[in-house]
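The values are calculated or read from the model by the stated rules, or taken from the named source; none is laboratory data. Here the structure is a predicted model, which is why all the values come from computation and not from measurement. Note that each Cβ is placed from the backbone with ideal geometry, even for glycine, and that neighbours are counted across all protein chains shown. We work out accessible area using only protein heavy atoms, side chains counted, and drop any ligands, DNA or RNA first. Shrake-Rupley method; radii C 1.70, N 1.55, O 1.52, S 1.80 Å.
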Amino acid sequence: MEPGQKMMRLTCAMLVTLAIIGNCPAQPSRTPSQNPEWRNALKPRGRKAEPITLATNGKSRYVIVTPDNPTSQDIKAASELSHWLGKITSANFQIIRESELAPGSRFISIGSTQLLGNRQLPDLGDEGYAIIQESGNLFFVGGRRRGPINAVYAFLEEDLGCRWYDRYEPDILHVRDLTVAIVPRSYKPVLHIRDPFYWDAFDPDWALRNRTNAPLVKIPEEWGGVTDYAWFGHSFDWLVPPEKYFSEHPEYFSLVNGKRTASQLCLTNPDVLNIAIDKVKALLREHPNCELISVSQNDCAGYCECANCKKIDDPEGTPAATLIMFCNKIADAIKDEFPNVKVSTLAYMGTVKPPKTIRPNERVVVQLCTDRHAWKRPFLTVLETEQFSSALKGWHAIGANTTIWHYTVNFHHYPVPMPNWQVVDRDIEILIRYGAKGIMLQGAYQSPGGESAVMRSWVWAKKLWDPSLKTIDLMRDFVFGYFREAAKPMWKYYQMIWDIWERNHKRPTDQNQLICGIRYYPDIVFLQKQNYLDEALRLMDEARRLAKDPITIRRVELARLPILYAQISQEIGFVDYYGAFQPRLRADADRKRLATLLDDFERIAKIENVTHIREGAADFPKRIAELRHALTFSPDTLQIIKLEDAWRAKSDPTDVGTSQQWYASSFDDSTWTRTSKSGKGVTWFRQRFVVPEEWRSRKHVYIWFSGVSEEAIVYLNGKPVWEQSVRTTAMPRMDLRSRPFYFDATGRTTYERNRHPLLGFPGFEFPKEPWIQYDTENTIAVRVNTSLGSGGISGPVYLVATDEDWLPVRPD
Ligand SMILES: [Zn+2]
């Protein structure tokens, strides 16, 4: 066997290593492949070509050749390749036109040069690429958009093992001798939209290098651009603005319960269609490069129930029927002027369900949202919730062009750990199997500092580009490449996150720590059990000790942010779903230690420019101020009365208490048992209390429950004022058992808790008159419902008078 053939059997990583050993680099290692535990998860599969030497002793042996009339993408591809090969080898890789090529020179050809000859190339579509080696020369060719650039980055990442994990620092080789055995290949991505919707993925250079195609990322047209929307997301209010039309033409809008409202449009009204067509055309003329325009329902329910709309929607079983007809008509109306544009429409909330017979035409894209699935069950795959999986299969069965809007983060606590790696991995594969042509994974999109956001962006960019890649391999590639010398403890940490899902996903509901909605609280069971935070912090500390260079230190510290956030939340407090601060600070807490944790959290977050903790307006300074206020607040300023531990209790096995008004002030409970405990099912608890007259001058009187097992509706003086339940919290039952809650008994703060539009709880109207009476008897009644053998009101209940607009500390 000749040496040359033997060499061909070596892996690319080995070749690279050999080259490095041969010539001790002066710079410190920034090379994933120099970490012996790093594995190239992107390694191309297939037969390697004969090794070629691109540079020797810091001198290039190849020139980069473009066509004589290169496209702007050829120029970009050539300059990127020259730039990075130069960084890797310190050599100058000259770019020339092909007519300047000297005979006998070795070359890397970019794009459709004459050098390619009459070679038959596979269909590369818009973004596919091919890498060809012939007679020691390389050819990088690609589809119409970003194809040649994708070829260059496929070579740099997959064959050479270079990485652009984050938007700041490349992780590339530094060698003066570069020999590589490439795998000749071609590849065309199956997804047209590949969108890890994270702040960290919005940088155009990062997106170009990691080959995402995300509509909102501003990759310039001369680099090949992205599949862009002229209008993205909910659009009815923009198409037919209610402020312009509602007063004169209420018939343009939804008829709901016999009344015209501006919730949605009346999609069978011909004037509405004409206004929408004009609006769509006008916007497309302003954005000639856009390929999609969203004609989509508003972010609420309230679909039109007029006779014309009902005539279509009722037999079709969904308001998506009139919506799809409307979109088909708009698509037809614009096709002559805008042949490349498709009308995209959200299948969201009520319109998730596909119509029975009406079909979207080929110029309509259905952007199917996983809202009803992911908001409730983010730790199940999309096939495991009946409602969504039947919608997915339904749209697929009628041949719709679908793209997916998926949700992958806790939108109320961007930094909180989210053990959903396996879920997203499987979902991507499932969604593609059911015909998805685009996938958007909406995460911490407003700010850096989302949990593992850099890693998620990278891993998912790769998975969306090539769904056959395995998430666990990608995670390993990332951890050992990105965290460098500190990788080992970080890998243990990510295995711990991985295991949480492995352990839980098959468990029955009452033992599953991951049965919760996407907006779960940072003191949920899995974050507290198995000493999760202690172990996580120990591993992060170990990683911090191992990190040597400033880049690795910064990366390790950023990875620590979610753990710090969970710890601070659990020991100081956090803002809940409804905007109320939930104190967790106990009287005996070590405030000095917590202040140090908070300082650390703030310091790291500021280095990273974190602006958001939750979705919505920028809130970072506010959140920090709240936490600091809680830490420095003196509990002595609170006036506290403890209610009786022995309530009047009566079990209600047939659940007649509500209809018989067991909550009424005048109800006679004198024969009820004195206890705070209950058995399984519904039990009512009552007691009477007096609020001192001098509390009238205090701004708020809170009622604090240390916990109720499990669901509670609280009545005050005969009126329902609070509900703590699975439906109002999106929390699992097991997590409600020990969860404290409080509300303002003066009625001055209601947080809109039971009328949250997203979850659509039926709720109840809050009383208009003052809730509590001073210096006279008040009645509190609690309807408790437990699924366990025993439950009830677990722990003391306090009345707390204060001028604070939220409780900074626990009163117990
Ligand atoms: Zn209508």
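Residues checked against (1) in a strand (DSSP E or B); (2) modelled with pLDDT under 80; (3) at positive phi; (4) surrounded by 22 or more Cβ atoms within 10 Å (Cβ to Cβ):
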site	(1), (2), (3), (4)
P720	yes, no, no, no
M731	no, yes, no, yes
P757	no, yes, no, no
F761	no, yes, no, no
N778	yes, no, no, no
(message) Show the residue pairs meeting these rules: Cβ distance below 6 Å; 6+ apart or different chains; first residue within the range 294-312 and away from the ligand (no atom under 11 Å from the Cβ); second residue open to solvent by 50 Å² or more (accessible area, probe 1.4 Å).
(response) S294/W231; S294/F232; S296/H234; N298/H234; N298/D237; D299/H234
(request) Could you list all residues from the range 122-148 that are open to solvent by 70 Å² or more (accessible area, probe 1.4 Å) and either assigned to a loop (DSSP other than H, G, I, E, B) or over 19 Å from T53 (Cα atoms) (or both)? (result) D123, S135, R144
(message) If P196 satisfies all but one of (1) within 16 Å of the ligand (Cβ to nearest atom); (2) open to solvent by less than 40 Å² (accessible area, probe 1.4 Å), what's the number of the condition it fails?
(response) (1)
(message) Among the residues in the range 249-263, are any in the same structural domain as E337 (by TED's automatic domain parsing) and more than 16 Å from the ligand (Cβ to nearest atom)?
(response) no
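Does T351 satisfy the criteria of being within 16 Å of the ligand (Cβ to nearest atom), part of a helix (DSSP H, G or I) and closer than 30 Å to Q422 by Cβ? If you could, list the steps in order and put the result at the bottom.
Numbers: within 16 Å of the ligand (Cβ to nearest atom): yes; part of a helix (DSSP H, G or I): yes; closer than 30 Å to Q422 by Cβ: yes.
When the stated conditions are applied, T351 passes them.
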(message) Against the condition among the aromatic types (F, W, Y), at pLDDT below 95 and either in contact with a Ser or Thr (Cβ under 9 Å, 6 or more places away or on another chain) or farther than 29 Å from D576 by Cα (or both), how does Y715 come out, does it pass?
(response) yes
(request) Please verify whether the range 340-357 includes one or more residues that are over 26 Å from D126 (Cα atoms), surrounded by fewer than 19 Cβ atoms within 10 Å (Cβ to Cβ) and at pLDDT 95 or above. (result) yes
(request) For the range 1-109, please list each of the helices (runs of 4 or more DSSP H) lying entirely inside it that holds at least 3 residues being at pLDDT below 95. (result) 3-8, 12-21
(request) Considering only residues that are of a type in the set (A, V, I, L, M, F, W, C) and under 16 Å from A151 (Cα atoms), look in the range 56-79 and name the one that is most open to solvent (accessible area, probe 1.4 Å). (result) I75
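Applying the selection to the range 585-636, what residues are aromatic (F, W, Y), assigned to a helix (DSSP H, G or I) and either farther than 21 Å from I553 by Cα or in contact with a Pro (Cβ under 7 Å, 6 or more places away or on another chain) (or both)? I'd like the intermediate steps shown before the answer.
So the first thing to find is which residues in the range 585-636 are aromatic (F, W, Y), and the list is 601, 620, 633.
Restricting the remaining residues to those that are assigned to a helix (DSSP H, G or I) gives 601, 620.
Across the range 585-636, the qualifying residue is only F620.
Please work out if L284 is on the phi < 0 side of the Ramachandran plot, away from the ligand (no atom under 13 Å from the Cβ) and surrounded by fewer than 22 Cβ atoms within 10 Å (Cβ to Cβ). Before you say what the answer is, go through the steps one by one.
Values: on the phi < 0 side of the Ramachandran plot: yes; away from the ligand (no atom under 13 Å from the Cβ): yes; surrounded by fewer than 22 Cβ atoms within 10 Å (Cβ to Cβ): yes.
Yes; evaluated as a whole, the condition is true for this residue.
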(request) Kindly list, by first and then second residue, each pair from a residue in the range 784-798 that is in a loop (DSSP other than H, G, I, E, B) to a residue that is among the small types (G, A, S), limited to pairs with Cβ atoms under 6 Å and residues at least 6 apart or on different chains. (result) S794/G707; S794/S709; G795/S706; G795/G707; P796/S706
(request) Could you please give the count of residues in the range 560-584 that are closer than 20 Å to I604 by Cα and not in a helix (DSSP H, G or I)? (result) 3
(request) Mind listing whichever residues of the range 313-343 are in contact with a strand residue (DSSP E or B) (Cβ under 8 Å, 6 or more places away or on another chain), away from the ligand (no atom under 16 Å from the Cβ) and either in a helix (DSSP H, G or I) or aromatic (F, W, Y) (or both)? (result) N328, I330, A331, I334
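Which residue out of V409, V364 is in contact with a helix residue (DSSP H, G or I) (Cβ under 7 Å, 6 or more places away or on another chain) and more than 16 Å from the ligand (Cβ to nearest atom)? Lay out the reasoning, then the answer.
On the way: V409 fails: in contact with a helix residue (DSSP H, G or I) (Cβ under 7 Å, 6 or more places away or on another chain).
The match here is V364.
Take the residues in the range 657-671 that are within 43 Å of the chain's Cα centre (by Cα) and of a type outside the set (F, W, Y); name whichever of them is surrounded by the fewest Cβ atoms within 10 Å (Cβ to Cβ).
Within the range 657-671, the first condition is being within 43 Å of the chain's Cα centre (by Cα), and the residues that meet it are 657-659, 663.
Still in the list and also of a type outside the set (F, W, Y): 657-659.
Values: G657: 18, T658: 15, S659: 7.
Here the answer is S659.
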